[in-house]
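Right, one structure below, let's go through it.
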Amino acid sequence: MTDMTSNPPERGRNGRRRSVEYQVYFTLIFFVSLPFASLRWARDVARYRTLNLRGPLARAWAEADRMTPFIFSV
């Protein structure tokens, strides 16, 4: 049996390289979703009375990260 603890094999890159078109769509979706994410974040802060929530940038990033692959899968 091989001992992999001292000299593990190199890990390959995860996923594939994103094209320029993908990055443009991601950026556009991110900037469009940013105001809506800010409003949802402010509403949740008022509702739950805590700042221990994901911020508007994280919410907008997640939305763009969900929508862009969906566009390219069609």
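The values are calculated or read from the model by the stated rules, or taken from the named source; none is laboratory data. What you are looking at is a predicted structure, and each value in this text was computed from that prediction instead of being measured. Positions of Cβ are backbone-derived with ideal geometry, glycine not excepted, and every protein chain shown enters the neighbour counts.
Exactly one residue out of Phe26, Phe70 is at pLDDT below 95 and part of a helix (DSSP H, G or I), and it is Phe70.
Within the range 53-74, the residues that satisfy the criterion of being of a type in the set (D, E, K, R) and either touching a residue at least 24 places away in the same chain (Cβ under 8 Å) or touching a helix residue (DSSP H, G or I) at 6+ places or on another chain (Cβ under 8 Å) (or both) are Arg54, Arg59, Glu63, Asp65.
For every residue, the table says whether it meets (1) out of contact with any helix residue (DSSP H, G or I) (no Cβ under 7 Å at 6 or more places or on another chain); (2) of a type in the set (Phe, Trp, Tyr); (3) modelled with pLDDT of 95 or more; (4) surrounded by fewer than 11 Cβ atoms within 10 Å (Cβ to Cβ).
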| site | (1), (2), (3), (4) |
| --- | --- |
| Met1 | yes, no, no, yes |
| Met4 | yes, no, no, yes |
| Glu10 | yes, no, no, yes |
| Arg16 | yes, no, no, yes |
| Ser19 | yes, no, no, yes |
| Phe30 | no, yes, yes, no |
| Arg43 | yes, no, yes, yes |
| Ala46 | yes, no, yes, yes |
| Leu51 | no, no, no, yes |
